[in-house]
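**Student:** Let me give you the structure first, and then I'll get to my questions.
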Amino acid sequence: MAKDPRAGELERFLAERGGHLLRAAVLLTGSKEAGEDLVQAALERLLRRGPAVHGDPEAYLRRIIYHLAADGWRRGGRWRARLALLRGDGEGVAPDRSVQVEQRDELVRLLLRLPPGQRAAIVLRYWEDLSDAEAADVLGCSASTVRSSAARGLHRLRELSGARAAVAADHVAADQRGRPQ
Amino acid sequence: MISTEFEERLREEMRHATTGISAPSGLVRRARRDRRRRIVSRASAACAAVAVAVAGAVIVSNGTTGASRDSGTYTTAYVVKHAESALDAVNEIASVRYMSSPSWVVSPMDLWVYDGPRGQAYRAEYFDVFSGGLFEEIGMTATPANYQTWTDVDPARKTWSKQSYQGPKPSRTGCGTPMPTSLTSFPELAAGLREYLACGTLRYQGKQQVDGVNALKLVSVEHQRQGKTLATMITIIWVDPASYLPVRLTTQGTHPAVSVLMRYDFRWLPPTRANLALLTVRIPPGFTQIHPLH
């Protein structure tokens, strides 16, 4: 089969910038595996568009990745199954630690519990360090929507983090009192 | 009020969580392959979409299953009832050859499916539309709790990969389409066919020779108006008068988007040791195991 020169160009582009896009996708999906799936889905869309895509492929790919993530992207049952593994709520299946973001990154894990739109806004604002207006351009919404989504997401993250801290404190107190947990 | 300290902690954790992550090579190649694979199933999925819509809003129907119109010694109700019973009781391995007309629309596929007492097993061989060569082999086994293990062999790259995870709950196609529209639902092949037979859209239309079998022909013709277009979906199932199991199934939509004929030829194999071996993916010597996404 003849090699598609466009594919070669894309491979070279990804060798340079793919890591950044993948890292964003990992934050949006919660695991490297699911992040690769997300990047791959975005690439498929890029390939489908073919020569119709002009200009900066990174901007185009980033936009697709965030749109897919913000829309609560699902890819068949595989992605859901992986997410279930990540969350450890698979039926009778032990979580696969190899796909988990490290346990110490608590806030990153709690990101997964936010609605997809809030998660996307937070990654754009606090990881990509984009302004509200720049993030709005990626997500295709208004700057005020980004601002409110990010604020709500941060608020929720703080609540979730606080709740965990409270539970941990209860466990410590129970230990100290010698009660079974 | 959100503290700056909290935001800084979030930034730091995100940086830490993504440190060392780099894009693997071959992402584009995999995207192209997956896209090709999706094109393979798109025609049947499109058929399914039309058929589902038809099932929900049929405006013209060619009769019901229970019409019992005599055609020789058989009636619709008799043939459907016996085919349902056969599929209910089937303990054979379904060997299916899948192709389309025009032939270049989907990749031809040979697959073997078995829903056995110890779980399900499935193996498929995909062939290149143009060269006819094997371009991918996929195998799946699932426990009764649907914990799935997938094996994927890429002959061109001489690589193979394996992954396991808890599968989603089986989704049947019901009256929408007689055949599964995704790989993950193929193990439910017999159950899906059984459900489709019960939908009441098929009508017995006599006998016809199919691969040396004087098969009983069941035809479903359904129409739906979509705007100014009248879409028609024709499904034909031929069943063996001896076993009442399907020997061939075709679907054809006349809507511009689905004007492709999909054909599935069935053989039903007893679960002997030799036949069960057809369900197992064999890794050729010298092939390298890779990460499932590489």
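The values are calculated or read from the model by the stated rules, or taken from the named source; none is laboratory data. What you see is a predicted model, and the numbers here were worked out from it, not measured in a lab. Note that each Cβ is placed from the backbone with ideal geometry, even for glycine, and that neighbours are counted across all protein chains shown.
**Student:** Scan (1) at pLDDT below 80; (2) at the interface with another protein chain (Cβ under 7 Å from one of its Cβ atoms) for the single condition A:ARG78 breaks and write down its number.
**Tutor:** Failing condition for A:ARG78: (2).
**Student:** Suppose we filter segment B:85-112 for residues that are among the β-branched types (Val, Ile, Thr) and surrounded by fewer than 13 Cβ atoms within 10 Å (Cβ to Cβ); how many remain?
**Tutor:** Filtering segment B:85-112 down to residues among the β-branched types (Val, Ile, Thr) leaves B:90, B:93, B:96, B:105-106.
Cutting the leftovers down to surrounded by fewer than 13 Cβ atoms within 10 Å (Cβ to Cβ) gives us none.
Residues flagged as among the β-branched types (Val, Ile, Thr) and surrounded by fewer than 13 Cβ atoms within 10 Å (Cβ to Cβ) within segment B:85-112 amount to 0.
**Student:** So, one more: Kindly provide the set of residues from segment A:130-165 that are at positive phi and assigned to a helix (DSSP H, G or I), ordered by number. Don't jump to the end; show me each part of the working.
**Tutor:** First, the residues of segment A:130-165 that are at positive phi: A:140.
Matches in segment A:130-165: none.
**Student:** Ok, one more. State all residues of segment B:277-287 that are touching a residue at least 40 places away in the same chain (Cβ under 8 Å) and either loosely packed, with under 12 Cβ neighbours inside 10 Å or aromatic (Phe, Trp, Tyr) (or both); if no residue qualifies, say none. Write out each step before concluding.
**Tutor:** From segment B:277-287, those touching a residue at least 40 places away in the same chain (Cβ under 8 Å) are B:278-281, B:283-284, B:286-287; that's our starting set.
The answer is B:PRO284, B:GLY286, B:PHE287.
**Student:** A further question follows. Just checking, which of A:LEU27, A:LEU43, A:LEU14, A:LEU21 is within 20 Å of A:LEU139 (Cβ to Cβ), at pLDDT below 85 and at the interface with chain B (Cβ under 8 Å from one of its Cβ atoms)? Even if it seems obvious, please write down each step before you answer.
**Tutor:** Details: A:LEU27 fails: at pLDDT below 85; A:LEU14 fails: within 20 Å of A:LEU139 (Cβ to Cβ); A:LEU21 fails: at pLDDT below 85.
Criteria check complete, one pass: A:LEU43.
**Student:** Under 6 Å between Cβ atoms, which residue pairs at least 6 apart in sequence (or on different chains) link something in segment A:118-132 that is at pLDDT 90 or above with a partner that is part of a loop (DSSP other than H, G, I, E, B)?
**Tutor:** Once the first residue is at pLDDT 90 or above and sits in segment A:118-132, its partners that are part of a loop (DSSP other than H, G, I, E, B) give A:LEU124/A:LEU130.
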